[in-house]
Amino acid sequence: MLRKRLINAAAVALLTFLSTALSASEKDLIVRLDTSAGIIDIKLFPEKAPETVENFLAYVDSGFYDGTIFHRVINNFMIQGGGFTTDGIQKETRETIKNESINKLHNIRGTVAMARLEGPDTASSQFFINQRSNLKLDWSPGQPGYAVFGEVIRGMGVVDFIATAETGTKQFQTSTGIIKSFRDVPIDAVIVKSAKRH
């Protein structure tokens with residue numbers, strides 16, 4: 001009888017430990033963007049986009065995104081950030097990463113994907129949040145697409161608000177020192193005050 005009670009107690013202790021460990025693990029998969037427009041919580045998908053999530057978290061953990069802006073905002077499409085400071089300077093980034101868009105995650109409303117240049121494996125720090133479903137951005141044969149690696153679980157109202165910002169053209173300085181004009185830039189800057197694991 002005592003042996004049975006000890007086994008039951010041990011089993012309960014193990015389940016409690018595993019539950020706590022799982023909760024901690026799940027918590028690590030959520031990143032909170034504290035923006036000047038409100039809070040956006042993003043759940044990450046490391047099983048589907050391991051390299052992309054690892055890259056994103058490296059930027060988060062280093063404080064890279066703190067003080068950056070959403071520099072490209074198109075209502076009824078998406079909001080993009082993660083590269084430029086409030087004074088219009090592009091930040092130095094890590095190496096580019098492999099495009100994981102073949103992971104079968106779709107660019108639907110609320111998902112978060114990596115922005116990139118024309119080539120498929122050219123994403124570094126910039127990301128965008130789909131304000132609507134944009135399935136044309138998915139992978140398909142002959143089209144590399146844009147890799148989804150997370151989804152907004154809190155704050156889509158904030159995303160919708162940011163998407164309605166009045167925009168214009170602004171000059172930015174790229175990481176190579178070139179001055180370029182960008183369209184669809186919010187006239188009143190929308191700032192990522194901090195990005196942290198939540």
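Just so you know, all these numbers are worked out from the coordinates, no wet-lab data involved. Keep in mind the model is a prediction, meaning the values are calculated, not measured. For neighbour counting, all protein chains shown are included, and Cβ atoms are generated from backbone atoms with ideal geometry for every residue, glycine included.
Close Lys pairs in the chain, defined as Cα atoms under 22 Å apart and 8 or more places apart or on different chains, number 20. Rounded to the nearest 500, the helix-only mean residue ellipticity at 222 nm of the chain stands at -8000 deg cm²/dmol, with each DSSP H run of n ≥ 4 adding -39,500 (n - 2.57).
P(r) for region 29-197, from all Cα pairs and a bin width of 10 Å, is 11, 43, 39, 8 %, short bins first. In this rough spin-label picture, where each label sits 7 Å from Cα along the Cβ direction, the D121-H106 distance is 2.9 nm. Under a 5 Å amide H cut-off, with hydrogens placed 1.01 Å from N, A147 pairs with E100, S101, M114 among residues at least 5 apart or on other chains.
Peptide packing: for 66-75, 132-141, the average count of neighbouring Cβ atoms within 10 Å per residue gives the ranking 66-75, 132-141, highest mean first. Label sites at T93 and I179, each approximated as a point 7 angstrom past Cα along Cα to Cβ, lie 2.3 nm apart. Residue by residue, region 165-179 carries 3J(HN,Hα) couplings of 4, 5, 10, x, 9, 9, 8, 10, 9, 6, 5, 8, x, 7, 8 Hz when phi is fed to the Karplus relation 6.51 cos²θ - 1.76 cosθ + 1.60 (θ = phi - 60°); x denotes Gly or Pro. A simple rule links phi to the HN-Hα coupling: the Karplus curve 6.51 cos²θ - 1.76 cosθ + 1.60 with θ = phi - 60°, which for region 184-193 gives 6, 9, x, 5, 9, 4, 9, 9, 7, 5 Hz, with x for Gly and Pro. The angle between the Cα long axis of helix 50-62 and the longest principal axis of the Cα atoms of the chain comes to about 80 degrees, rounded to the nearest 10. Ranked by how many other Cβ atoms sit within 10 Å of their own Cβ, fewest first, the residues D184, D121 fall in the order D121, D184.
Computed from backbone phi, the HN-Hα couplings of region 68-83 come to 8, 10, 7, 9, 9, 10, 10, 4, 6, 9, 6, 10, 10, x, x, x Hz, rounded to whole numbers (Karplus: 6.51 cos²θ - 1.76 cosθ + 1.60, θ = phi - 60°; Gly and Pro given as x).
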